[in-house]
1. Put +1 on the Cβ of every Lys and Arg and -1 on every Asp and Glu Cβ in the chain; which of T25, A60, A6 then has its Cα farthest towards the positive end of the dipole?
2. Picking from W86, A41, Y98, whose Cα lies most toward the positive end of the charge dipole for the chain (charges on Cβ: Lys, Arg +1; Asp, Glu -1)?
3. If you place +1 on the Cβ of every Lys and Arg, -1 on the Cβ of every Asp and Glu, and leave all else neutral, what size is the dipole of region 2-74 about its Cα centre, to the nearest 20 Debye?
4. Enter the accessible area of D10 (Å², nearest 10), with the probe set to 1.4 Å and all protein chains included.
5. Throw me the Rg/Rh for the chain, computed over C-alpha atoms with Kirkwood Rh, two decimals.
6. Return one number: the angle in degrees, 0 to 90 and rounded to the nearest 10, between the long axis of the Cα atoms of helix 52-65 and the longest principal axis of the Cα atoms of the chain.
7. Would you compute, from DSSP H runs of 4+ residues alone, the mean residue ellipticity of the chain at 222 nm, taking -39500 (n - 2.57) per run and dividing by the full residue count, rounded to the nearest 500?
Amino acid sequence: FPPVGAPLADPRAKPADEVVPAIDTALRHVVHALIVGPDVALADAPRSELPAEAVAKCLAYLRDRVGVPRDMSFPAARQLRAHLNWLSADLTGGKLMY
């Protein structure tokens, strides 16, 4: 592949397979928060077992890659991004990844 100017679209990027189970758990937490609300979700599910920095980086990557209107409507994307940021901030003590 030729060099790319957009690192988030790099076809040579290697996935972090070791954090896939943690990302699965994190996305389940996000979906739970979308359904019941973040306050209830915080009380319902322990997140201390998740590798905070690795998961936060993956959530930030997903947040930055959601396409509107390709993937979902603008209001739905705003909610998804907000909840991804919510979990990321919760895991990292308020530090958002960029």
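The values are calculated or read from the model by the stated rules, or taken from the named source; none is laboratory data. None of these values were measured; they are calculated from a predicted model. Heads up, the Cβs are rebuilt from the backbone with ideal geometry, glycines too, and the neighbour counts pull from every protein chain shown. Quick note on the areas: whole protein, heavy atoms, side chains included, nothing else; ligands and nucleic acids left out. Shrake-Rupley method; radii C 1.70, N 1.55, O 1.52, S 1.80 Å.
1. It is A6, whose Cα lies furthest towards the positive end.
2. Going by the Cα projections, it comes out as Y98.
3. Here region 2-74 has a charge dipole of around 280 debye.
4. 40
5. 0.99
6. 60
7. Taking each H run of at least 4 residues, the total per residue is -19000 deg cm²/dmol.
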